[in-house]
Structure formats: C-alpha cells, structure tokens
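The values are calculated or read from the model by the stated rules, or taken from the named source; none is laboratory data. Just so it is clear, the structure is predicted and the values come from calculations on it, not from any experiment. Note: ideal-geometry Cβ built from the backbone for every residue, glycine included; neighbour counts use all protein chains shown. Keep in mind that these areas ignore ligands, DNA and RNA; they rest on the heavy atoms of the full protein, side chains included. Shrake-Rupley method; radii C 1.70, N 1.55, O 1.52, S 1.80 Å.
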2 protein chains.
Amino acid sequence: MSFDPETLNYDANGLIPAIAQATDGTVLMMAWMNAAAVVRTLESGRVTYWSRSRQAFWVKGETSGHTQRLIDFRVDCDRDCLLLVVEQAGPACHTNRRSCFYTAVRDGGEVELMAPEA
Amino acid sequence: MSFDPETLNYDANGLIPAIAQATDGTVLMMAWMNAAAVVRTLESGRVTYWSRSRQAFWVKGETSGHTQRLIDFRVDCDRDCLLLVVEQAGPACHTNRRSCFYTAVRDGGEVELMAPEA
C-alpha cells in the first residue's frame, strides 16, 4: 500500500504528535508535525516538526546542529500518533540533555535523571 | 521537590499526552491523561488514561486484562508530555499486537511490522 500523508488523523489544528526514539530505545522527545512536515521528513530524511510557538517548520538541529536523521517512520493503529526512530546528533533536549524526559516522579517528589552534557 | 500534578502543562482540553514504554524499550502506545488521571496513576500504580471518546477514566486493561503497571513516571522539559515506563501484561494494542506502532512507512509504502498475538 502506498503511503498518503493525508490518511493520517490530524487534530483540529492539523497536527499529529511525533515521538522521537533513538536507535538504542531511549525516548528523546515528543513534538508535532503537520502534513507538510510529514512529507518533508520522509523526503529529506531530516526530521522536521511544526513549531506551534513559531508557527513555522522546525528542522530539528538546524540551529543547534543536534539533528535527527530518520531511520524508521512508524504510524500507530489509530493513525493519530507517529513514532520516529532517529539517529540523534548530540543532545535532543534544548537543555542540552540527551532526552527531554529527564525528570522522574518518585515517592511523591521529583528527581533529575540526567545532567546537561558538557 | 514534591510533585504537584497542577504544575504540568495541560492543553486547552485539560489533557497531556502520555507515552507508554515497556521496560525493554519498546514504545507501546500514546494516550492522554488529565490531572485526575495523573493522580490515580501515581497513587494506584495502575496506568489510568482519560478516554477522549468516552470522556471517562480508562484504567488500561480493566476490560482486556492487558494492564500496565507503572514502573517510572517521567515528565519532559516543557512539562507538557509524560513518559511512563510500564510493565505491560499482554499486548498493549487493541488489535492484539504488542505495540500500537506496528506500521512503518518505507520506500513510499506501508509495511506491517508485527502480527496480532495468538
């Protein structure tokens, strides 16, 4: 079956959540794509989100150099969420940590799981 | 720092996306929580989402038996996405597959990565 980005289920704003996972299994971040960002990501192999705050394409790492090369592009059963397996250059998080999910809630409190990279 | 669920950033509908990841690193599914579902999940250790279609709590596996026991509860840098490390009983997907992300887009077409479990 050939893939048509219009067959994905976007929300009222035309967006779909996209989870980025490193090849070692680490979940790095979650951001959003519109149909055009899906097309750009698939065509270029460079993961490209849609920035809700800037209302613009966000080629991950274009400024920081912390790019995501697309390894595999997956769609969930409801076609309303994406899982991108990526080769991540440098830290994925804007705080310079490898993953955005660096805080855990344990025993009622918050714990920091990783420090910013040097 | 003690954890207050009200410090998370919910969307206009009062919801936050929650990614469920198995202990072996497999990303199983993504669903939504409201603040009350966050509290129930942390207090009970049984992952409880908010069903947008039913507008009701969704204790994962309550009907199917395919429960998710919470192992670790993580928050991202923007506090607007959750990552739940879970012990998944049986398949996570309603199609009886281990993960909801069983479709990949490769070479312009769709490929099924896993079959339903017996």
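Numbers below:
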{"item": "Rounded to whole Hz, the Karplus (6.51, -1.76, 1.60) HN-Hα couplings of region A:111-118, x for glycine and proline", "result": "10, 8, 8, 8, 9, x, 6, 5"}
{"item": "For chain B: accessible area per residue (Å², 1.4 Å)", "result": "47 Å²"}
{"item": "Net charge contributed by nearby residues that have their C-beta within less than 9 Å of residue A:117 (K/R +1, D/E -1)", "result": "+2"}
{"item": "Calculated from backbone phi, Karplus (6.51, -1.76, 1.60) coupling profile of region A:68-81 in Hz, x at Gly/Pro", "result": "10, 8, 6, 9, 8, 10, 10, 10, 8, 4, 8, 6, 10, 7"}
{"item": "Per-residue HN-Hα couplings for region A:90-101 [Karplus 6.51, -1.76, 1.60; θ = phi - 60°; Hz; x = Gly/Pro]", "result": "x, x, 7, 8, 5, 8, 6, 8, 4, 10, 6, 8"}
{"item": "Neighbouring partner chain Cβ atoms per residue of A:104-115, average, 10 Å criterion", "result": "4"}
{"item": "Carbon and sulfur %, accessible surface of chain B computed with the full protein complex present, 1.4 Å", "result": "47 percent"}
{"item": "Structure-based [θ]222 nm, chain A - -39500 (n - 2.57) summed over DSSP H runs of at least 4, per residue, nearest 500", "result": "-2500 deg cm²/dmol"}
{"item": "For residue B:12, label point 7 Å along C-beta direction: distances to other copies, nm", "result": "0.5"}
{"item": "Axis proximity, chain A to B: residue whose C-beta lies nearest, plus whole-Å distance", "result": "A:25, 1"}
{"item": "About the Cα centre, charge dipole magnitude for chain B (Lys/Arg +1, Asp/Glu -1 at Cβ), debye", "result": "340 debye"}
{"item": "Solvent-accessible area buried by B and A, counting both chains, probe 1.4 angstrom, square angstrom", "result": "3000 Å²"}
{"item": "Inter-part distance where region B:14-81 and region A:69-118 are each reduced to a Cα centre, Å", "result": "17 Å"}
{"item": "Other-chain or far-sequence residues with amide H under 5 Å of residue B:21's (modelled H)", "result": "B:28, B:84, B:85, B:86"}
{"item": "Calculated label separations, residue B:67, copies of the chain, 7 Å along the beta-carbon direction, nm", "result": "4.7"}
{"item": "Threshold 40 Å² - residues in region A:9-35 whose accessible area is reduced by that much or more when the chain is no longer isolated, probe 1.4 Å", "result": "A:19, A:27, A:30"}
{"item": "Estimated inter-spin distance, residue A:57 and residue B:78, nm [label 7 Å along Cα→Cβ]", "result": "1.9 nm"}
{"item": "Calculated FRET efficiency for the pair residue A:94/residue A:7, C-beta based, R₀ 45 Å, to 0.05", "result": "0.90"}
